[in-house]
Amino acid sequence: MKKGIKILLVSDGWVNLALGMIGPIYAIFVEEIGGDILDASWAFSTYMFTAGIIMYLLSKWEDKAKHKEKFVVAGYALTSLGCLMYFFVHNQATLLLTQAVLGLSVAILSPSFDAIYSHYVKASEEASNWGIWEALSYIATAIAAIIGGYIANSFGFKTLFVVMFIVSLFGTIQSFALYRGKKYLNAE
């Protein structure tokens, strides 16, 4: 496996671990800030619409970009910012803003991530290389669900959001290794 793929896997693993901590307890958090099921639905919808619309618009521009690594790093940095923003969520408006930032992060990150990852995938290992990425995503999120539930139950949501921010920073910092050069990244 090429080093470029390893860097992307580690970065994405950390970020999936961070974001997965809120997943199964998201509705409980929305309820804690005075929201209900519909508020949680609106927040999720805001995330998805923001990600989908901006991804559609940006992906054509990203095709022409010379250094797609910048979009990956920027996407992870925005994800970290979104994790930190959860700490300051106190009503539906701040929740929607946070979800919009997280949607923007995915919109910036995903097309370039996929393009770079595809570049490093060997034709003879396509299924296994993509399978590793998918498996890591599911496993990191599964572990995150347990960790997030434990932290929120034991220490509260504010502590959870600080932990999410710190963990996501690991992924952001790791993604800077994408700047090490093509020769390094193509090495096994």
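Every number in this text was worked out from the coordinates using simple rules, so none of it is lab data. All values reported here derive from a predicted model rather than from experimental measurement. A quick note on method: Cβ atoms are made from the backbone with ideal geometry, for glycine too, and the neighbour counts reach across all protein chains shown.
A dipole drawn for the chain from +1 and -1 charges on Cβ atoms has a positive end, and of Leu8, Ala43, Leu136 the residue lying farthest that way is Leu8.
Remark: region 83-183 projects, on average over all directions, an area of 7.8 nm² (convex hull of Cα atoms). With coordinates expressed along the principal axes, the C-alpha atoms belonging to region 3-186 extend over 51, 33, 26 Å, beginning with the largest. Taking 7 Å steps out from each Cα toward its Cβ at Ile173 and Asp36 produces label points 4.4 nm apart.
Starting from the Cα of Val10, move 7 Å in the Cα-to-Cβ direction to define the label point; list residues of region 162-179 whose amide nitrogen is under 11 Å from there. Answer for this model: 171, 173-178.
Nearest 500 deg cm²/dmol is fine: what mean residue ellipticity at 222 nm does the chain get from its DSSP H runs of n ≥ 4 alone, each adding -39,500 (n - 2.57), divided by its residue count? Please report the intermediate quantities before stating the final value.
Numbers: 8 runs with 154 residues, N = 188.
Rounded to the nearest 500, the figure is -28000 deg cm²/dmol.
Name the longest site-free stretch of the chain, where the excluded sites are trypsin sites (Lys or Arg not before Pro) in a DSSP loop with no more than 16 other beta-carbon atoms within 10 Å. Write down the numbers at each step before the final one.
Numbers: sites that count: Lys66, Lys122.
My reading of the result: 123-188 is the longest stretch.
Toward the positive end of the charge dipole of the chain, with +1 on the Cβ of Lys and Arg and -1 on the Cβ of Asp and Glu, the farthest Cα among Phe155, Met21, Leu58 is that of Leu58. Could you work out how far the C-alpha centroid of region 1-73 sits from that of region 99-119, in angstrom? Taking the Cα centre of region 99-119 as reference, the centre of region 1-73 is 7 Å away.
Using 0.36 nm per residue, how much length does the chain from Tyr56 to Lys158 gain when fully extended, once their Cα-Cα distance is taken away?
33.4 nm
Note on the chain: with charges restricted to the Cβ of Lys and Arg (+1) and Asp and Glu (-1), its dipole about the Cα centre is near 940 debye.
Across region 40-188, the mean sequence separation of Cα contacts (distance under 8 Å, 6 or more residues apart), normalised by length, yields a relative contact order of 34 percent.
Quick one: length gained pulling Tyr138 to Ala65 fully straight, 0.36 nm per residue minus the C-alpha distance? Gain in length upon complete extension: 23.3 nm.
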